[in-house]
Amino acid sequence: MSALGPVTAVAHANIALAKYWGKAKDDENLPAVPSLSLTLAALSTTTSVVLRPELESDAVSLDGEAAAPRARERVIRVLDDIRTLSGSSARAAVESSNDFPTAAGLASSASGFAALAVAAARAYGLAMEPADLSAIARRASASAARSVFGGFVELRAGKEAAAPVLGGQDFPLVMLIAVTARGPKSIGSTEGMRHTRETSPYYPAWLSAAPPVFERARAAVLARDLEALGTAMEESALMMHASMLSARPAIIYFAPATLAVVECVRGLRKTGTPAFFTMDAGPHVKVLTAPGTAPAVEQALSAVPGVERVIASRAGGAAALVGGA
Ligand code: DP6
């Protein structure tokens, strides 16, 4: 039976240690390469869904404001999938908010669509397995499939759903997010992937290099080997960015401070501190380290010119209902 009042779910953002960049089939939003991520406790989205049969169309609010058309379209895609499964045609009101500043340009779509899938399924009276919720979130944004699960999570190439690899507590690490000064408004992931596939001579090289680096990262997670994981993680990020840099015209997500942070991380390693970087579709740098070295790494990153703030996070848990269930 569908819920009468609002149903609320929380999901955490995730950062890819082995990157997803490129789609097997645009329509289904299936990834062309396997990816591996760490779900982060410190970045979360809270989403509530309430059925509003009197409405003619879904009402979608993100961080207190009506959603932009593209985001709204993706939210409706998730709701439509859930409506098809539940047999209900009732419209819904969706309210979503992040506990981290979206103005800082940190991706919120992964946690947002994972929380939406969990809340909407319950609001429409469905009891769904995490893998099925992950597949629904993936259709809106493939990285969101991974945020349905906590800890280390994989999404294989061509697969519908993500799957857990290892609990965060089984290999405790800290991710430090160095929020850098914002550069020019960058191109979104979906569009960036399409442009890379269509114009970059290095895209085929990325497609063949990504699976082995994913396997190395996955093996390193299972072996609890930070050095091997960090090395594979940096290679994955740099190869992904190489494919974008060689697109025509180039997609350059790096700001000057991005490279300054990379330099800082490499300097820390030279002095024996384990720290490894990764970058996504934006200028910020995410640095992976051990809990014992996190305070020193955080201090070093904070001192890099152009770094506005550093957010420290342990592994986070799976997306879950928090109210109205
Ligand atoms: C660079 O999941 O945002 O963060 O499936 O088109 O919504 P769509 O793309 P999205 O891409 C994420 C790209 C990335 C790497 C990653 O998270 O694996």
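The values are calculated or read from the model by the stated rules, or taken from the named source; none is laboratory data. The shown structure was predicted, so the numbers you read here are calculated from the model rather than taken from an experiment. Positions of Cβ are generated from backbone atoms using ideal geometry, with glycine treated the same way; all protein chains shown enter the neighbour counts. For the accessible areas, the whole protein counts, side chains as well, though only heavy atoms, and no ligand, DNA or RNA atoms are used. Shrake-Rupley method; radii C 1.70, N 1.55, O 1.52, S 1.80 Å.
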Q.
What does the charge count around VAL78 come to, taking other residues whose C-beta lies under 15 Å from its C-beta (Lys +1, Arg +1, Asp -1, Glu -1)?
A. +1
Q.
If you roll a 1.4 angstrom probe over the protein chains with everything in place, what fraction of the accessible area of the chain belongs to carbon and sulfur, to the nearest %?
A. 55 percent
Q: Any chance you could run the full-extension gain for ALA163 through LEU55? It's 0.36 nm times the residue separation minus the Cα-Cα distance, nm to one decimal.
A: 35.3 nm
Q) Excluding ligands and nucleic acids, what accessible area in Å² is computed for ASP99 using a 1.4 Å probe, to the nearest 10? A) 90 Å²
Q) Extension gain LEU222-ASP99, at 0.36 nm per residue separation less the Cα-Cα distance, in nm? A) 41.2 nm
Q. For THR231, what accessible area in Å² do you get when you roll a 1.4 Å probe over the heavy atoms of the protein chains, rounding to the nearest 10?
A. 60 Å²
Q: Return the loop-located trypsin sites (Lys or Arg not before Pro) in the stretch 133-185 (DSSP other than H, G, I, E, B) with at most 16 other Cβ atoms within 10 Å of their own Cβ; answer none if there are none.
A: ARG182, LYS185
Q: Mind listing the long-range amide H neighbours of GLY22? Cut-off is under 5 Å, sequence gap 5 or more, other chains count too, H placed in the peptide plane at 1.01 Å from N.
A: ALA32
Q | Residue range of the chain that is longest and free of GluC sites (Glu not before Pro) which are both DSSP loop and sparsely packed (at most 10 other C-beta within 10 Å) | A | 57-325
Q: Mean Kyte-Doolittle of at least -1.0 plus a Cα span of 27 Å or more along the axis: flag which DSSP H helices in the chain meet both, please.
A: 203-222, 226-245
Q: Could you provide, to the nearest whole Å², the per residue accessible area of the stretch 247-293 with probe 1.4 Å?
A: 41 Å²
Q: Report, in debye and to the nearest 20, how large the dipole of the chain comes out about its Cα centre when Lys and Arg carry +1 and Asp and Glu carry -1 on their Cβ.
A: 440 debye
